[in-house]
Amino acid sequence: MGTESKAAVWTRTIVIAAGGLVFLFPFVWMVSTSLTTAGELFKLPPQLIPNPVDGAAYERLFTEVPIVRWVLNSVGVSLAVTFLQVLSSAMAAYAFTRLTFRGRNAIFVLFLATLMVPFQVMVVPLFIELRYMGMLDSYWGLIIPEMAMPFGVFLLRQAFLGLPRELEEAAFMDGAGHIRNFFTLVLPLSKPAIATVAVFSFMGSWNNFLWPLIIINSPDLMTLPLGLSSLSSRFVTDWNLVLAGATISVLPIVAVFLFAQRYVLQGVAMSGLKG
Amino acid sequence: MVGDRGWKKVGLVALFLLPALIPLLVFRIFPMLASLWVSMTKWNLLRPPEYLGIENYVEVLTDAKFHKALLNTLYYMVGYLPLVLVGAIAIAVLLNSKLKGATFFRGIYFLPVVTSWVVVALLWKWLLSPQGGMVNYVLGLVGIDGPGWWTDPNWAMPSIIIASVWKDLGFNMLILLAGLQSIPDHLYEAATIDGATRWEKLRYVTLPLLTPSILFAMILAMIGAFQVFDQVWVMTEGGPAGATTVVMEQVVKNAFKYGLMGEASAMSWVLFAIILLFTVFQLRFQKRWVHYGD
């Protein structure tokens with residue numbers, strides 16, 4: 001933007017950094033609180049570095065509630081959902097870009113249309129449907145209804161359309177079929193887009209609250225967000241305990257984000273492009 | 001492709017398409033259509049459904065509780081939308097031009113976006129706690145006697161709005177950053193030659209060309225705001241004294257606490273209709289302020 005005075009750059013940096021602090025500090029405070037003893041919790045002034053640093057909240061978490069089970073449930077369900085969504089989306093995107101059949105556009109529009117309808121509109125009948133299928137309060141109920149990911153189909157269709165066709169044409173000449181073409185050429189060539197969809201899928205499933213809240217009753221089947229919220233209503237003012245749980249549930253997702261930051265940011269940018 | 005004919009081709013299309021299409025039809029399209037029918041019945045899942053016609057809709061539209069929930073949802077939206085959009089525009093503009101550590105800060109601002117709603121709600125409930133909360137402590141340092149936040153009917157909705165703005169700002173920032181990056185450099189160069197100041201460039205080049213991205217972010221934020229649920233459920237459960245009762249919270253309570261499947265479905269359809277109405281209105285109204293480059 002042309003020349004900018006040193007003072008202007010500094011002002012900008014300071015504003016950004018101050019704002020950054022507002023966004024980072026609550027996380028720091030979460031970890032700090034989780035390491036505070038119950039007696040020190042409400043003491044003023046609040047201590048940024050707890051004195052003493054105390055792991056009792058984590059100990060209680062592991063002994064008094066099935067936190068390990070919740071973590072495993074969340075990991076298992078999220079991985080299963082991610083795998084199924086990526087695979088089904090990629091295959092559908094392949095059909096929409098590499099196969100010709102009647103009604104292709106109409107079916108694609110159907111996918112797009114469901115993207116516009118909020119999940120909230122179907123949550124009651126979906127619950128009733130799963131009740132008849134006997135999938136309430138089960139892992140199946142958390143995984144199976146999530147199998148289709150219209151947003152993933154949309155993103156991967158865009159990605160597949162952008163691939164150069166020469167390699168694929170050569171493969172077809174050599175006698176490769178569509179299945180081989182899909183697995184050995186199209187998928188490997190679209191790694192960044194696949195990664196973006198996978199990250200979105202994982203985050204969506206890991207953070208999902210409304211659906212598990214509605215269908216899960218048994219504490220042993222709860223995912224982390226649901227477990228955490230049940231924790232907070234059981235131990236109302238045990239903030240160190242509640243935030244120890246929050247810390248445990250944030251760690252994996254922050255790790256995924258830092259590791260895959262590029263793909264996350266790219267995905268949001270891509271979804272913004274159609275606007 | 002010569003071999004792709006007849007049944008072989010049908011099989012191939014089915015193989016690739018059905019893993020996504022079947023779940024879409026069974027778990028998305030069907031419930032959506034079924035929901036229309038459910039909304040016209042009295043059904044508590046214990047006894048067979050009873051057909052009522054539009055009675056549920058009449059009930060919902062004249063229900064004082066639903067009116068309150070709808071008003072509160074609008075209150076939430078009116079507080080949340082401008083804060084999150086203006087904040088996101090400011091941060092995006094500040095982050096856009098060259099700055100040391102821009103990528104790092106972008107990551108920081110985005111962290112709450114990847115954090116689950118339950119964690120964000122619990123965290124802010126603690127930060128805003130009238131008892132030992134950090135926010136009131138900091139306010140106290142500058143001589144302000146902080147309110148009771150989520151325990152006070154007047155401050156409960158602002159508490160939820162603060163937490164929501166904090167969580168969603170990074171997402172909107174990112175959409176706007178993508179928009180900023182698509183503004184061609186030559187426009188800024190031309191403005192420089194014409195002697196425009198930095199402020200004038202922002203006012204006459206950046207902001208007008210950013211309006212399509214702002215519209216997109218605004219529609220997404222609005223649709224999300226109408227469906228506000230997780231943070232309300234975790235922070236206040238609609239309380240205190242119904243001060244934060246919102247439409248989705250009423251849907252969930254009616255369906256899964258009181259067993260009123262029909263009324264809950266009618267409510268979600270009314271909500272959907274309102275969302276559609278607002279979206280269409282925004283798209284209509286956009287011609288007044290959205291500027292398309294070419």
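The values are calculated or read from the model by the stated rules, or taken from the named source; none is laboratory data. Because the structure is predicted, anything quoted here is derived from the model rather than measured. All Cβ positions, glycine included, derive from the backbone under ideal geometry; neighbour counts span all protein chains shown.
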- Please verify whether the range B:238-261 includes one or more residues that are farther than 28 Å from residue B:33 by Cα, assigned to a helix (DSSP H, G or I), at pLDDT below 95 and not hydroxyl-bearing (Ser, Thr, Tyr). no
- Message: So if I check each of A:183, A:154, which one is crowded, with 19+ Cβ neighbours inside 10 Å and assigned to a helix (DSSP H, G or I)?
- Response: A:154
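Quick grid of which residues meet (1) among the small types (Gly, Ala, Ser); (2) crowded, with 21+ Cβ neighbours inside 10 Å; (3) within 11 Å of another protein chain (Cβ to nearest Cβ):
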site	(1), (2), (3)
B:231	no, yes, yes
B:240	no, no, no
B:250	no, yes, no
B:263	no, yes, yes
B:290	no, no, yes
- Task: Enumerate the helices (runs of 4 or more DSSP H) found wholly within the range B:1-64, keeping only those where 1 or more residues are over 28 Å from the mean Cα position of the chain (by Cα) and at the interface with another protein chain (Cβ under 8 Å from one of its Cβ atoms).
- Result: B:6-24
- Message: Kindly evaluate residue A:223 against the criterion of being more than 24 Å from residue A:143 (Cβ to Cβ) and within 10 Å of chain B (Cβ to nearest Cβ).
- Response: no
- Message: I'd like to know if the range B:58-65 contains one or more residues that are in the same structural domain as residue B:180 (by TED's automatic domain parsing), of a type in the set (Gly, Ala, Ser) and farther than 30 Å from residue A:9 by Cβ.
- Response: yes
- Inside the range B:122-181, can you point out the residues that are outside any helix (DSSP H, G or I) and closer than 22 Å to residue A:31 by Cα? B:128, B:129, B:130, B:131, B:132, B:133
- Message: Being surrounded by fewer than 17 Cβ atoms within 10 Å (Cβ to Cβ), more than 14 Å from chain B (Cβ to nearest Cβ) and of a type in the set (A, V, I, L, M): is that true of residue A:68 here?
- Response: yes
- Query: Which residues, counting only those in the range A:198-217, are more than 9 Å from the chain's Cα centre (by Cα) and assigned to a helix (DSSP H, G or I)?
  - Reply: A:210, A:211, A:212, A:213, A:214, A:215
- Any hit, the range A:181-190, residues being over 30 Å from residue B:12 (Cα atoms) and polar (S, T, N, Q): no
- Item | Options A:100, A:33, A:114; residue that is over 28 Å from residue A:143 (Cα atoms), touching a helix residue (DSSP H, G or I) at 6+ places or on another chain (Cβ under 8 Å) and either within 13 Å of chain B (Cβ to nearest Cβ) or surrounded by fewer than 14 Cβ atoms within 10 Å (Cβ to Cβ) (or both) | A:33
- Item | Any pair with Cβ under 6 angstrom, 6 or more apart, that starts in the range B:162-186 at a residue that is closer than 17 Å to residue B:222 by Cβ and within 9 Å of chain A (Cβ to nearest Cβ) and ends at one that is surrounded by 21 or more Cβ atoms within 10 Å (Cβ to Cβ) and of a type in the set (Ser, Thr, Tyr) | B:175/B:213; B:176/B:213
- Given B:49, B:31, B:82, which one is free of Cβ contacts under 8 Å to residues at least 24 places away in the same chain and not assigned by TED's automatic domain parsing to the domain that holds residue B:264? B:31
- Query: Can you tell me which residues in the range A:218-237 are assigned to a loop (DSSP other than H, G, I, E, B) and under 15 Å from residue B:235 (Cα atoms)?
  - Reply: A:235, A:236, A:237
- Number of the condition not met by residue A:56 [criteria: (1) at pLDDT below 95; (2) within 16 Å of residue A:249 (Cβ to Cβ)]: (2)
- Answer with yes or no whether residue B:213 is touching a residue at least 60 places away in the same chain (Cβ under 8 Å) and not β-branched (Val, Ile, Thr). no
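Results for (1) crowded, with 16+ Cβ neighbours inside 10 Å; (2) farther than 30 Å from residue B:167 by Cβ, shown as yes or no for each residue.
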residue	(1), (2)
B:53	no, yes
B:56	yes, yes
B:62	no, yes
B:67	no, no
B:83	yes, no
- Task: Identify, from the list A:199, A:121, the residue that is closer than 30 Å to residue B:38 by Cα, modelled with pLDDT under 90 and β-branched (Val, Ile, Thr).
- Result: A:121
- Task: Being more than 7 Å from chain B (Cβ to nearest Cβ) and part of a loop (DSSP other than H, G, I, E, B) is the filter here, so list the residues in the range A:117-135 that pass it.
- Result: A:133, A:134, A:135
- Flag if residue B:30 is among the aromatic types (Phe, Trp, Tyr) and within 23 Å of residue A:142 (Cα to Cα): yes
- Query: Under 7 Å by Cβ, and 6 or more places apart or on different chains, what pairs join a residue from the range B:118-135 that is facing chain A (nearest Cβ under 7 Å) and buried (at least 24 other Cβ atoms within 10 Å of the Cβ) with one that is part of a helix (DSSP H, G or I) and acidic (Asp, Glu)?
  - Reply: B:118/B:230
- Task: State yes or no: is residue B:241 at positive phi, out of contact with any strand residue (DSSP E or B) (no Cβ under 9 Å at 6 or more places or on another chain) and among the aliphatic types (A, V, I, L, M)?
- Result: yes
- Task: Tell me, yes or no, whether the range A:244-265 has at least one residue that is in contact with a helix residue (DSSP H, G or I) (Cβ under 8 Å, 6 or more places away or on another chain), aromatic (Phe, Trp, Tyr) and not in a helix (DSSP H, G or I).
- Result: no
- Query: Which of the following residues is surrounded by fewer than 18 Cβ atoms within 10 Å (Cβ to Cβ) and either at negative phi or of a type in the set (Ser, Thr, Tyr) (or both): A:146, A:129?
  - Reply: A:129
